[in-house]
Amino acid sequence: MRVAVINSGSSSLKYKLFDMDTRSVLASEFREHIGEGGAKYATHKEALESINIDFSTIDAVGHRVVHGGEVFSDSVIIDTTVEQEIERLISLAPLHNPANLEGIRIVREKLGSTSQVAVFDTAFHATLPSAAYMYALPYEVYEKHKVRRYGFHGTSHSYVMKEACKVLSKEIKDTNLITLHLGNGASVCAIEGGVSVDTSMGFTPLEGLVMGSRSGDLDPAILLYLQRELQLSVDAVDTMLNKESGLLGICGENDVRRIIQRDDRKAHLAIDMMIRRIQKYIGSYMAILGRVDAVVFTGGIGENSEYIRRRVLDSALFASLKVLVIKTDEELEIAQQVIQRLKV
Ligand code: ADP
């Protein structure tokens with residue numbers, strides 16, 4: 001069975017075609033800077049159309065959809081109702097869900113009634129207990145407006161969890177893990193017996209770790225101060241927190257490879273802040289899980305930087321932790337979920 005996977009990010013598009021009988025990759029394409037000033041592709045439609053896809057050979061298509069809200073706790077075959085629901089969730093993911101929807105609609109034009117499956121970044125975290133997903137705001141802010149922790153990177157956390165259990169030769173239901181997805185975006189997940197019980201990203205992907213250009217955790221009063229005292233607009237604060245903060249904000253760049261080569265105060269500070277935040281999350285998730293079978297590093301930084309892994313693990317509390325490094329494969333996980341959905 002040939003499964004195509006389309007991963008439309010806010011300004012990028014990844015395409016992979018798998019032969020799922022042999023689990024081999026038949027085609028792989030990447031387009032970036034979509035819609036940015038002077039970019040080659042103004043829209044996701046143009047980017048997708050620039051890829052030479054023989055739709056007649058494809059049996060099913062899997063789409064990464066960033067936000068599934070409270071509605072989708074698993075991947076789902078796309079029909080008009082699902083599409084409408086993804087559209088309704090745009091207010092929760094204004095940068096991502098529109099791009100994901102566009103991908104779904106373009107493929108439908110080409111493929112007609114061939115099955116398309118939506119795989120949600122949030123779905124793996126649908127198991128969070130209420131004490132983990134609630135913010136301590138007036139209860140109706142959750143009830144009326146669905147403001148709660150959703151968590152993201154679920155496809156990656158779930159993929160590396162399954163791979164880690166294979167390496168550990170343990171049943172998923174008996175395994176507790178802390179998975180660290182450290183890329184340009186980064187998140188931590190506490191997994192108890194195969195289910196996500198806490199995660200660092202929240203209502204949006206902004207919460208949690210110090211990331212490439214996102215601040216992660218902050219005192220929320222800072223936002224009020226920036227608006228009231230510095231007269232910054234809501235949009236200016238949004239841009240600052242998502243695009244001008246994190247490693248980039250502290251030391252002027254977000255490529256960890258380059259930052260760790262530098263020997264200046266701001267580069268050291270940026271890495272120290274990133275490491276400290278990760279350590280705080282590991283420590284708190286150890287407390288929540290009680291027993292941890294392994295800590296799993298993944299994502300561009302987690303997979304490739306021995307230096308960062310060593311710095312993160314440099315705490316007496318972590319001395320007895322088993323450590324695994326597992327390459328994530330979100331597209332393969334999406335393709336596997338397509339197969340699972342279509343079997344049901
Ligand atoms: P994205 O979240 O955009 O998918 P990736 O998972 O590709 O990001 O991770 C990108 C990050 O990985 C960058 O900060 C890059 O510097 C870092 N990275 C990649 N290779 C290495 C390496 N060998 N050492 C340190 N950092 C690395």
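Where a ≥ b ≥ c are the square roots of the eigenvalues of the C-alpha gyration tensor, would you call region 138-213 rounded, which needs a/c under 1.5, or, failing that, prolate if a/b is larger than b/c, or oblate? It is oblate, given that a/c is not under 1.5 and a/b is not larger than b/c. One Cα centroid belongs to region 5-48, the other to region 204-282; the line between them spans 28 Å. Legend: ranking of residues Met201, Met1, Met211 from fewest to most surrounding C-beta atoms inside 10 Å; resulting order Met1, Met211, Met201. 3J(HN,Hα) couplings calculated from phi for region 210-218 with the Karplus curve 6.51 cos²θ - 1.76 cosθ + 1.60 (θ = phi - 60°) are, in sequence order, 6, 10, x, 10, 10, 5, x, 3, 8 Hz; Gly and Pro show x. Each label point was placed 7 Å from the Cα along the Cα-to-Cβ direction; for Asn52 and Glu109 their separation is 2.1 nm.
Projecting the Cα positions of Gln261, Thr81, Ile172 onto the charge dipole of the chain (unit charges on Cβ atoms of Lys, Arg, Asp and Glu, taken about the Cα centre) puts Gln261 furthest along the positive direction.
The length gained on full extension between Thr239 and Arg258, counted as 0.36 nm times the residue separation minus their Cα-Cα distance, comes to 4.5 nm. Exposure proxy shown here: for Tyr139, Tyr15, Tyr150, the number of other Cβ atoms within 10 Å sets the order, fewest to most, as Tyr139, Tyr15, Tyr150.
When a/c is below 1.5 the answer is rounded, else prolate if a/b is larger than b/c, else oblate, so apply that to region 1-79 with a ≥ b ≥ c taken from the square roots of the Cα gyration tensor eigenvalues.
On the way: a/c = 2.29, a/b = 1.17, b/c = 1.96.
Oblate is the answer for region 1-79, as a/c is 1.5 or above yet b/c matches or exceeds a/b.
Rounded to the nearest 20, the Cβ-based charge dipole of region 1-122 about its Cα centre (Lys and Arg +1, Asp and Glu -1) stands at 240 debye.
Taking amide H atoms as placed 1.01 Å from N in the peptide plane, the amide H of Met201 lies under 5 Å from those of Phe152, Val188, each 5 or more residues away in sequence or on another chain.
Rounded, prolate or oblate: which one fits the chain, using the alpha carbon gyration tensor with axes a ≥ b ≥ c (rounded when a/c is under 1.5, else prolate when a/b beats b/c, else oblate)? Could the numbers behind the result be given before it?
Working: a/c = 1.44, a/b = 1.23, b/c = 1.17.
Rounded, since a/c falls under 1.5.
Of the cross-linked pairs Lys14/Lys243; Lys243/Lys280; Lys40/Lys162, those separated by over 26 Å at the C-alpha level are Lys40/Lys162. Remark: spin-label model distance Ile77-Val25 equals 2.9 nm, labels positioned 7 Å along the Cα→Cβ axis.
For Val323, the residues whose amide H sits under 5 Å from its own are Val295, ignoring neighbours fewer than 5 places away on the same chain, with H placed 1.01 Å from N.
Ordering Ser196, Val160, Gln279 by Cα displacement along the dipole of the chain toward the positive end leaves Gln279 in first place; charges were set at the Cβ atoms of Lys, Arg (+1) and Asp, Glu (-1). So if I take the centroid of the Cα atoms in region 310-329 and the same for region 120-193, what is the distance between those two points in Å? Region 310-329 and region 120-193 have Cα centres spaced 19 Å from each other.
Estimated at 0.36 nm per residue, the fully extended path between Thr43 and Lys322 surpasses their Cα-Cα distance by 96.0 nm.
With +1 assigned to the C-beta of every Lys and Arg and -1 to the C-beta of every Asp and Glu, and no other charges, what is the dipole magnitude of region 138-180 about the Cα centre in debye, to the nearest 20?
It works out to roughly 80 debye.
Would you order Thr155, Thr80 from fewest to most other beta-carbon atoms within 10 Å of each residue's own beta-carbon? Mind dumping the intermediate values first?
Values: Thr155 27, Thr80 7.
Neighbour counts put them in this order, fewest first: Thr80, Thr155.
To the nearest 20 Debye, how big is the dipole of the chain about its Cα centre, given +1 on the beta carbon of each Lys and Arg and -1 on that of each Asp and Glu?
Dipole magnitude for the chain comes out near 640 debye.
Across region 328-333, rounded Karplus estimates of 3J(HN,Hα) from the backbone phi angles (6.51 cos²θ - 1.76 cosθ + 1.60, θ = phi - 60°) give 7, 8, 5, 5, 5, 4 Hz, Gly and Pro being marked x.
Coordinate-derived values only; no laboratory data. The structure displayed is predicted, hence computed values, not measured ones. A quick note on method: Cβ atoms are made from the backbone with ideal geometry, for glycine too, and the neighbour counts reach across all protein chains shown.
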